[in-house]
Structure formats: structure tokens, C-alpha cells
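Student: My structure is below; once you've seen it, I'll send some questions.
The values are calculated or read from the model by the stated rules, or taken from the named source; none is laboratory data. Keep in mind it's a predicted model, so treat the numbers as computed, not measured. Here the Cβ is made from the backbone with ideal geometry for all residues, glycine too, and neighbour counts use every protein chain on show. To get the accessible areas, we keep the full protein, side chains included, count just its heavy atoms, and leave off ligands, DNA and RNA. Shrake-Rupley method; radii C 1.70, N 1.55, O 1.52, S 1.80 Å.
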Amino acid sequence: MKTAVIVFPGSNCDRDIAVALEQVTGTAPAMVWHRETALPDGVGLVAVPGGFSYGDYLRAGAMAARSPIMAAVAAAAGEGRPVLGVCNGFQVLTEAGLLPGALMRNAGLNFVCRDVALTVENADSAFTRLYRAGERVHFPVAHHDGNYVADGETLDRLEGEGRVAFRYAEPLNGSARDIAGVLNDGGNVLGMMPHPERKIEAAHGGDDGRRMFEGLMALVGA
Amino acid sequence: MKLRIHVTLKPGVLDPQGKAIEHALAGLGFAGVEGARVGKLIELDVADGTGDADVDRMCRQLLANTVIENYRVERA
């Protein structure tokens, strides 16, 4: 599968997700600079990486969301291609309007950096098809602005449509209804604060994240 | 021409920074602080004649996230 990782100034997790994609797919992803206006031909998965693009200035993800490449990412999402935003990438996707809601400063004001337990809420999406609904998985988190907010009507809609992909098993950062990851209405865009790309092999302390990439790869063609 | 753009969280949106300040003031012995909200002040130098519609677009497209924030523009 051809994959692409968007590279923004200041991001520090683009290499992490590139390594994970290469390990799982066997092919290095295209690293696409944010000033580009098009994705390489044949890209089956677009990853918007974690890591403090633009130093989180103004708001986390705000400036990256307005960069030229994001129009191409939005177009890919519109065509139904999978787009995965992790951590800052989740913030970017909400700021870009590809996912509802917003991410605010953690309720406890602490930067949280540790492994957390998550419940897989939806095991039918392109991203979660190799998990079981209700399964408990462990991914690392490392964020200051992971407090997911949306109005009550939006939250009800997300829950009703099965668009909550992952939930924190215990309250972590103040997120509404402990939401850790949400899907768009087409189910092909996922934003999540925890880092599946940091749980790919035993040396990471577990490989719960690997199935996300394996599931995507099998779906869109290896 | 200078613009001052005040970006504030919408009422009802939890403001953890404001809460921390409120508690810190109470800890310093200041009684009667019943709330604190933290916002941003963005000062822009813009060309004379920059219209309200352009400023509004700047705010909506980048400076404020209207999902959670309100903004107010002051011309100085």
C-alpha cells in the first residue's frame, strides 16, 4: 500500500509514524511537505502525525490545518480514502473541519505522558476492523491539549452513529464522555489522541497499535 | 492601523487555565474572586482601509476556533 505522511514545521512524530508504516507495509511512506498542493498518485492512506506543529502556537493544530496540502487531504477524505490523525494530527483534523469538535487544554492542566487503557467502541471502521468491540487496548499518550469538547447534540450524534472509535477506560484529560478518538461520518477519517504508531512491536511494550495499520493495509491493498 | 482581537472561550466551555488562576488567587488570600476566564489578545498591524469583512474572515479562518471561541475586534 502506498502511504503518505504529511510533514509540518515543528512536528516531532512524523518519523515515528513513518517507521510504523514502513514496518507494517514493507514500503516507506511518501513524506509530503505541507507546502505541497497534491498528494502523490495512488496514496491509499494519509497520516497526519503527532507532535506540536508550529509549536502549538495560536491553538494546537490551527496553523497546520490551514496549510496548502490540507486541501488535498480534505479531497482524499472526500473520496473515501483513509485519513488518520494522531495527537496533533487529531487537533489538525478538527481545526480543518474534517472532524467535529475541538481539543482543549487538559482539564488537570498537566501534560500527560504514559500508557493508557482504551476501550474499542467501534470495530467496524477501516481503522478498527481487526479489533473486537469492547476490547481493552493500551496505547501511549503524550499531550497537553487532549480534552475533547463538542456540544451535546454533536456528542449524541457521534455516539448514535457509532463514531466514537476509542474511549479512555478511565478519565484522563477531561474529554467529553472520555472520548479518545472519533470518526467522520464516512468512517474513513479517524482522529485520536493516543499513539498507535508507538505500539507496533514487543520492544515498544506491546503491539496493540499494529492491528490498526494491518487492517488498513489489508483493506486498501498491500 | 492597529486592530486588537480579543479571543475568548464561549460561555459554558470549561476553562481549566481560568480555574487554576481562580484557585491560585484564593490561595493567595484574595477573597471574593468568583470566576476567572483566560483569553487571548492578538494585535494586528493592517493596512489602512482594511475592511470589516476581511478582518472577520481572518478571525473565522484562523484566529478563533468558532467551535469553542468567540472573538471581538477593536480598532485602535
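Student: Taking into account only those residues within segment A:35-55 that are crowded, with 19+ Cβ neighbours inside 10 Å and of a type outside the set (A, V, I, L, M, F, W, C), which is farthest from A:A18 (Cα to Cα)?
Tutor: Across segment A:35-55, the extreme among qualifying residues is A:Y54.
Student: Also: Is there a residue being in contact with a strand residue (DSSP E or B) (Cβ under 8 Å, 6 or more places away or on another chain) and within 12 Å of chain B (Cβ to nearest Cβ) anywhere in segment A:107-116?
Tutor: Scanning segment A:107-116 turns up at least one residue that is in contact with a strand residue (DSSP E or B) (Cβ under 8 Å, 6 or more places away or on another chain) and within 12 Å of chain B (Cβ to nearest Cβ).
Student: For segment B:2-46, name all the residues that are open to solvent by 70 Å² or more (accessible area, probe 1.4 Å), closer than 29 Å to B:R75 by Cα and more than 12 Å from chain A (Cβ to nearest Cβ).
Tutor: B:K2, B:R4, B:P11, B:R37, B:L41, B:E43, B:D45
Student: Let me ask something else about it. Looking at segment A:174-206 only, could you name the residues that are assigned to a loop (DSSP other than H, G, I, E, B) and within 17 Å of the chain's Cα centre (by Cα)?
Tutor: Start the filter on segment A:174-206 by keeping residues that are assigned to a loop (DSSP other than H, G, I, E, B), which leaves A:174-175, A:184-188, A:193-195, A:199-200, A:205.
The answer is A:S175, A:N184, A:D185, A:G186, A:G187, A:N188, A:M193, A:P194, A:H195, A:K199, A:I200.
Student: Considering (1) open to solvent by less than 60 Å² (accessible area, probe 1.4 Å); (2) more than 14 Å from every other protein chain (Cβ to nearest Cβ); (3) of a type in the set (F, W, Y), say which one B:Y71 fails and leave the rest.
Tutor: Going through (1) open to solvent by less than 60 Å² (accessible area, probe 1.4 Å); (2) more than 14 Å from every other protein chain (Cβ to nearest Cβ); (3) of a type in the set (F, W, Y) one by one, B:Y71 breaks only (2).
Student: Let me ask another. Given the criteria in contact with a Pro (Cβ under 9 Å, 6 or more places away or on another chain), away from every other protein chain (no Cβ under 12 Å) and touching a residue at least 12 places away in the same chain (Cβ under 8 Å), does A:V73 qualify?
Tutor: no
Student: Do the conditions hold for A:L93, that is, is it within 14 Å of another protein chain (Cβ to nearest Cβ), within 17 Å of A:H195 (Cα to Cα) and either in a helix (DSSP H, G or I) or open to solvent by 40 Å² or more (accessible area, probe 1.4 Å) (or both)? Give the derivation first.
Tutor: Values: within 14 Å of another protein chain (Cβ to nearest Cβ): yes; within 17 Å of A:H195 (Cα to Cα): yes; either in a helix (DSSP H, G or I) or open to solvent by 40 Å² or more (accessible area, probe 1.4 Å) (or both): yes.
Yes.
Student: Name the pairs: first residue in segment B:3-31 and more than 14 Å from A:A107 (Cβ to Cβ), second residue among the aromatic types (F, W, Y) and surrounded by 12 or more Cβ atoms within 10 Å (Cβ to Cβ), Cβ to Cβ under 6 Å, at least 6 apart or on different chains?
Tutor: B:I5/B:Y71; B:V7/B:Y71
Student: Please go through (1) within 13 Å of chain B (Cβ to nearest Cβ); (2) open to solvent by less than 40 Å² (accessible area, probe 1.4 Å) for A:N88 and return the number of the only condition it doesn't satisfy.
Tutor: Going through (1) within 13 Å of chain B (Cβ to nearest Cβ); (2) open to solvent by less than 40 Å² (accessible area, probe 1.4 Å) one by one, A:N88 breaks only (1).
Student: Shifting gears a bit: Quick check on segment A:96-118: of everything there that is open to solvent by 30 Å² or more (accessible area, probe 1.4 Å) and in a strand (DSSP E or B), which residue is nearest to B:E22 (Cα to Cα)?
Tutor: Filtering first and then ranking leaves A:C113.
Student: Of these, A:A28, A:A47, A:A72, which one is of a type in the set (G, A, S) and assigned to a strand (DSSP E or B)?
Tutor: So the residue among A:A28, A:A47, A:A72 that is of a type in the set (G, A, S) and assigned to a strand (DSSP E or B) is A:A47.
Student: So, one more: Going through segment A:125-160 one residue at a time, which ones are part of a strand (DSSP E or B) and either open to solvent by less than 30 Å² (accessible area, probe 1.4 Å) or of a type in the set (V, I, T) (or both)?
Tutor: Those that are part of a strand (DSSP E or B) and either open to solvent by less than 30 Å² (accessible area, probe 1.4 Å) or of a type in the set (V, I, T) (or both): A:V137, A:F139, A:P140, A:V141, A:A142, A:H143, A:N147, A:Y148, A:V149.
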